[in-house]
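*Asks:* Quick one: the structure is below, questions incoming.
The values are calculated or read from the model by the stated rules, or taken from the named source; none is laboratory data. Bear in mind that the values here come from a model prediction, so they are computed numbers and not experimental data. A quick note on method: Cβ atoms are made from the backbone with ideal geometry, for glycine too, and the neighbour counts reach across all protein chains shown. Heads up: the accessible areas ignore ligands, DNA and RNA and are worked out on the full protein's heavy atoms, side chains in. Shrake-Rupley method; radii C 1.70, N 1.55, O 1.52, S 1.80 Å.
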Amino acid sequence: MALTALVFSGCSVSSIPYFGSDFNTQPNTSKSSQEATMRPYTINGKTYYPTVVEVGDTATGIASWYGPNFHGKKTSNGETYNMYALTAAHKTLPMNTMVKVTSLKNGKTTTVRINDRGPFVAGRIIDLSKAAATEISMIADGTAPVKLEVIGFYGQIETPANRTAKTHTYTGGNFMVQIGAFRRLAGANTYKTQYDNTNGIYKTTVREYSLNGEPIYRVFLTGFRSEAEARDFISSGQFKGAFIARD
């Protein structure tokens, strides 16, 4: 099931009265609301980090669906859940991400907008609305193997005509790992070049700071999608003394 009372900073999103099947749900895209839903949150002792994604990213797993018991209640981003709208819950995708969902059982597809968090059941990657689950014929079975593909953000499907840097990539985490620090810029730049594209994924950047009244140049790896990913990288031991920083 999706989370309909998600806790942020000690406050919870409460239920609201049932409105019936014909109410309208307006996407909640305000900046303050969007930022709030990108904060890490903890469920059943596990912390989830809304992440960095790009159009074209894919994932596979098991989809489930939720309906009447949640219809008319608030979603994690403060909207009213409408089981007849094409929406879904995901644990870490940014709110209002547009996702194409393809059933690996029958090849049918549906396009949904993420407006809730969940499902918090082992092995499941997305919780579809009843309408979306109907489109890929999984109502009777309850679950289905699916492929997810990110196709847009801010409630908008990306097309060649509307593509911008803002719509093509959504940055949720901005985690970095410091891998070196130098008193001389030349040394930092050499190190930056040496370790750029580490593991074929992570890019390097040099930032200037001040230490004891003198400049110091720190080299960071960027491109980590969550704090957990950054910690896993550090634990690999590739860089002695590496630590996590926020951009």
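*Asks:* Filter segment 65-79 down to residues that are out of contact with any helix residue (DSSP H, G or I) (no Cβ under 6 Å at 6 or more places or on another chain) and part of a strand (DSSP E or B) and give me whichever is most open to solvent (accessible area, probe 1.4 Å).
*Replies:* Checking each candidate, the answer is K74.
*Asks:* Ok, one more. In segment 204-244, what count of residues is obtained for those that are within 20 Å of the chain's Cα centre (by Cα) and open to solvent by 70 Å² or more (accessible area, probe 1.4 Å)?
*Replies:* Within segment 204-244, residues that are within 20 Å of the chain's Cα centre (by Cα) and open to solvent by 70 Å² or more (accessible area, probe 1.4 Å) number 3.
*Asks:* Based on what the data block shows, is D196 under 22 Å from P50 (Cα atoms) and acidic (D, E)? Don't jump to the end; show me each part of the working.
*Replies:* On the way: under 22 Å from P50 (Cα atoms): no; acidic (D, E): yes.
Taking the combined requirement at face value, the residue does not satisfy it.
*Asks:* Tell me which residues, restricted to segment 191-203, are in a helix (DSSP H, G or I) and open to solvent by 70 Å² or more (accessible area, probe 1.4 Å).
*Replies:* Our first condition is that a residue be in a helix (DSSP H, G or I); within segment 191-203, this holds for 191-195.
Those that are in a helix (DSSP H, G or I) and open to solvent by 70 Å² or more (accessible area, probe 1.4 Å): T193, Q194.
*Asks:* For I16, indicate whether it is at pLDDT 65 or above, surrounded by 11 or more Cβ atoms within 10 Å (Cβ to Cβ) and of a type in the set (A, V, I, L, M, F, W, C).
*Replies:* no
*Asks:* Here's a follow-up. Out of segment 209-242, which residues are free of Cβ contacts under 8 Å to residues at least 12 places away in the same chain and either among the hydrophobic types (A, V, I, L, M, F, W, C) or part of a strand (DSSP E or B) (or both)? Even if it seems obvious, please write down each step before you answer.
*Replies:* Quick first cut of segment 209-242, residues free of Cβ contacts under 8 Å to residues at least 12 places away in the same chain only: 209-213, 232, 235-237, 240-241.
Those that are free of Cβ contacts under 8 Å to residues at least 12 places away in the same chain and either among the hydrophobic types (A, V, I, L, M, F, W, C) or part of a strand (DSSP E or B) (or both): Y209, S210, L211.
*Asks:* With respect to T92, determine if the residue is among the hydroxyl-bearing types (S, T, Y) and assigned to a loop (DSSP other than H, G, I, E, B). Don't jump to the end; show me each part of the working.
*Replies:* On the way: among the hydroxyl-bearing types (S, T, Y): yes; assigned to a loop (DSSP other than H, G, I, E, B): yes.
Considered against the rule, which asks whether it is among the hydroxyl-bearing types (S, T, Y) and assigned to a loop (DSSP other than H, G, I, E, B), T92 comes out as yes.
*Asks:* Answer yes or no: is there a residue in segment 46-62 that is modelled with pLDDT under 80 and open to solvent by 50 Å² or more (accessible area, probe 1.4 Å).
*Replies:* Let us first name the residues in segment 46-62 that are modelled with pLDDT under 80, namely 46-52.
Keeping just the survivors that are open to solvent by 50 Å² or more (accessible area, probe 1.4 Å) gives 46-47.
Among the residues of segment 46-62, at least one is modelled with pLDDT under 80 and open to solvent by 50 Å² or more (accessible area, probe 1.4 Å), which makes the answer yes.
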